[in-house]
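The values are calculated or read from the model by the stated rules, or taken from the named source; none is laboratory data. Fair warning: this is a prediction, and the values are worked out from it, not measured in the lab. A quick note on method: Cβ atoms are made from the backbone with ideal geometry, for glycine too, and the neighbour counts reach across all protein chains shown.
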Amino acid sequence: MNWWLLIILAGTSAFIGWASNKLLIRLLFHPLKPIRLFGYTIQGIFPRRQKQLAAQLSALVSREFLSFTDLEAKITNPDNFKKIMPTVEQHVDDFLRNKLKEAFPMIGMLIGDRTIATLKEIFMKELESLFPVIMKSYVQNLQEELDLEQLINDKIASFSPQSIEAALYQHLGKELRQAGLLGAALGFIVGCIQAFIVMALM
């Protein structure tokens, strides 16, 4: 058996498999600017398609993940008011006990703890029913004034390819290395098969 042929074919195929994966990842972002070569324009996939990707992703995100309908339902949920009730109640209590007396000293002389407690209970009930109405109106006004899809589109379009590439390697560096090793392993197997076929035909 010609072991040198096996080693050369398997090693070459493994290297090609590893290099192909590295090159594919590299071509996602490079070259950053278009280069004319033999009548063809070569540019990284992300820099070339960034505007189209921004438009598609912004439409998807604004429609599926950040729709104003979902935002309104979440904000106007009564449970959200219950979470902030202690803070609201604290401010109402401070208003009745201190600020109201400072603004109207005569009223402060006429109301005691029992009256303050009653007024606070009335205010809190009114605020609890008023909170969803206010927040719904706020979201509707926000929807009219804010183009969420355009905002997301502008943000994505403003990202530099270098920052996206750096983030990709930072968070998926291990997986990318594994992909390179997988390419090398598959290339090695293909090379071995080729070597055995060649040797069988010799």
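Quick one: how many residues across segment 1-36 are under 29 Å from the mean Cα position of the chain (by Cα) and either among the hydroxyl-bearing types (Ser, Thr, Tyr) or within 18 Å of Ala184 (Cα to Cα) (or both)?
Result for segment 1-36: 6.
Tally up the residues in segment 35-51 that are surrounded by 10 or more Cβ atoms within 10 Å (Cβ to Cβ) and free of Cβ contacts under 8 Å to residues at least 40 places away in the same chain, please.
6
Do you know which residues across segment 86-107 are loosely packed, with under 15 Cβ neighbours inside 10 Å and β-branched (Val, Ile, Thr)?
Those that are loosely packed, with under 15 Cβ neighbours inside 10 Å and β-branched (Val, Ile, Thr): Thr87, Ile107.
Conditions tested, residue by residue: (1) at pLDDT 85 or above; (2) surrounded by 11 or more Cβ atoms within 10 Å (Cβ to Cβ); (3) at negative phi; (4) in a helix (DSSP H, G or I).
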residue	(1), (2), (3), (4)
Met109	no, no, yes, yes
Ala117	yes, yes, yes, yes
Glu121	yes, yes, yes, yes
Pro132	no, yes, yes, yes
Glu149	no, yes, yes, yes
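Among the residues of segment 68-82, is there at least one that is farther than 23 Å from Ala166 by Cβ, of a type in the set (A, V, I, L, M, F, W, C) and at pLDDT below 75?
Among the residues of segment 68-82, at least one is farther than 23 Å from Ala166 by Cβ, of a type in the set (A, V, I, L, M, F, W, C) and at pLDDT below 75, which makes the answer yes.
Tell me the residue from Leu71, Leu127, Leu57 that is in a helix (DSSP H, G or I) and touching a Leu at 6+ places or on another chain (Cβ under 9 Å), please.
Leu71
Can you name the residue in segment 159-189 that is among the small types (Gly, Ala, Ser), closer than 25 Å to Leu32 by Cβ and touching a residue at least 12 places away in the same chain (Cβ under 8 Å) and, of all such residues, is surrounded by the fewest Cβ atoms within 10 Å (Cβ to Cβ)?
Taking the candidates together, the pick is Ala179.
Out of segment 37-46, which residues are closer than 29 Å to Ala184 by Cα and either small (Gly, Ala, Ser) or part of a loop (DSSP other than H, G, I, E, B) (or both)?
Across segment 37-46, the qualifying residues are Gln43, Gly44.
From Ala59, Ala117, Ala55, which residue is without any contact (Cβ under 8 Å) to a residue 40 or more places away in the chain and of a type in the set (A, V, I, L, M, F, W, C)?
Within the list Ala59, Ala117, Ala55, the selection yields Ala117.
So Leu5 passes all but one of these: (1) in contact with a Leu (Cβ under 7 Å, 6 or more places away or on another chain); (2) at pLDDT below 80; (3) of a type outside the set (Asp, Glu). Which condition number does it fail?
With (1) in contact with a Leu (Cβ under 7 Å, 6 or more places away or on another chain); (2) at pLDDT below 80; (3) of a type outside the set (Asp, Glu) applied to Leu5, the lone miss is (1).
Looking at (1) touching an Asp or Glu at 6+ places or on another chain (Cβ under 8 Å); (2) part of a helix (DSSP H, G or I), can you tell me which one Ser13 breaks?
With (1) touching an Asp or Glu at 6+ places or on another chain (Cβ under 8 Å); (2) part of a helix (DSSP H, G or I) applied to Ser13, the lone miss is (1).
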